[in-house]
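The values are calculated or read from the model by the stated rules, or taken from the named source; none is laboratory data. Here the structure is a predicted model, which means the values were calculated and not measured. With ideal geometry, Cβ positions are generated from the backbone for all residues, glycine too; neighbour counts draw on all protein chains shown. Accessible surface is based on the protein model in full, side chains and every heavy atom, while ligands, DNA and RNA are left aside. Shrake-Rupley method; radii C 1.70, N 1.55, O 1.52, S 1.80 Å.
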Amino acid sequence: VRETVEDVFANKATSTLMSRASAMWLLLRGLSATTGSATPITENRVYMYASYCKSVGKAATRLEQLLLAIAFCKFLIGIRGTSEIIESARVSGASHRLFMTKRILRQRAPLNRRQCALLEDLAANGSGLDQVIAGHAMFCMHARARWSAAAEVTTEPYLDVAEDGKGFIEAVADHWKT
């Protein structure tokens, strides 16, 4: 049985498995707490859980993640009864209403020319931790990399520059988000 389970999940990212398992665990724990039993997982019980999540102000993406997890269980594992939940207008409606409470993303303004010049100067002429952080920030900016992905770089970055001075920074990272 263990080998079969390992084969089923072998080509899935650990982060995906953790996300789906977490969403299912929250559902089972919620059902158990409110009804005394985690099973069966039916459309009616999932809707009851969805209503509870809305009423107590759970995270805006809680039900969206749950529906992804239930679809995962349907298509990958073949759990019976999941089609009714996925196709339920009231469950998807409750999920959407909760998702609509999510705050609007407000990204920070990009660095201006003066700030970039200050970082470049600090990276080139600074010392200690300030120089390291400024250099890492400049690498992220020029490589168009996330801070965490740049921290995973395992080889010396390669600068591929054309005669006109334009080019790319290439590097190998052990892990990246997108």
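Could you grab me the full set of residues in the range 48-63 that are touching a residue at least 40 places away in the same chain (Cβ under 8 Å) and either of a type in the set (S, T, N, Q) or part of a helix (DSSP H, G or I) (or both)?
Ala50, Ser51, Cys53, Lys54, Thr61
Quick one: His96 ticks every box in (1) surrounded by 13 or more Cβ atoms within 10 Å (Cβ to Cβ); (2) under 29 Å from the mean Cα position of the chain (by Cα) bar one, so which box is it?
For His96, the exception is condition (1).
Looking only at residues that are open to solvent by 100 Å² or more (accessible area, probe 1.4 Å) and farther than 16 Å from His142 by Cβ in the range 165-175, which one is modelled with the highest pLDDT?
Asp174
From Ala124, Ala162, which residue is out of contact with any Leu (no Cβ under 9 Å at 6 or more places or on another chain) and surrounded by 10 or more Cβ atoms within 10 Å (Cβ to Cβ)? It would help to see each step written out before you state the result.
On the way: Ala162 fails: surrounded by 10 or more Cβ atoms within 10 Å (Cβ to Cβ).
That would be Ala124, the only listed residue that is out of contact with any Leu (no Cβ under 9 Å at 6 or more places or on another chain) and surrounded by 10 or more Cβ atoms within 10 Å (Cβ to Cβ).
If you check Arg80, Arg45, which single one turns out to be open to solvent by 90 Å² or more (accessible area, probe 1.4 Å) and either part of a helix (DSSP H, G or I) or of a type outside the set (Ser, Thr, Tyr) (or both)? Explain how you work it out, then say what you get.
Details: Arg45 fails: open to solvent by 90 Å² or more (accessible area, probe 1.4 Å).
Just one listed residue meets the conditions, Arg80.
Looking at the range 83-121, which of its residues are touching a residue at least 24 places away in the same chain (Cβ under 8 Å), farther than 30 Å from Ala134 by Cβ and touching a helix residue (DSSP H, G or I) at 6+ places or on another chain (Cβ under 8 Å)?
Listed by number, the residues that qualify are Glu84, Ile85, Ser88, Arg90, Val91, Ser92, Ala94, Ser95, Arg97, Leu98, Phe99.
Tell me, please, whether a residue that is within 24 Å of the chain's Cα centre (by Cα), open to solvent by 60 Å² or more (accessible area, probe 1.4 Å) and closer than 30 Å to Lys12 by Cβ can be found in the range 107-118. If you could, list the steps in order and put the result at the bottom.
Kept after step one, since they are within 24 Å of the chain's Cα centre (by Cα), are these residues of the range 107-118: 107-110.
Next, only the ones that are open to solvent by 60 Å² or more (accessible area, probe 1.4 Å) stay: 107-110.
Narrowing the set further to residues that are closer than 30 Å to Lys12 by Cβ leaves none.
Looking for residues that are within 24 Å of the chain's Cα centre (by Cα), open to solvent by 60 Å² or more (accessible area, probe 1.4 Å) and closer than 30 Å to Lys12 by Cβ, one finds none in the range 107-118, hence no.
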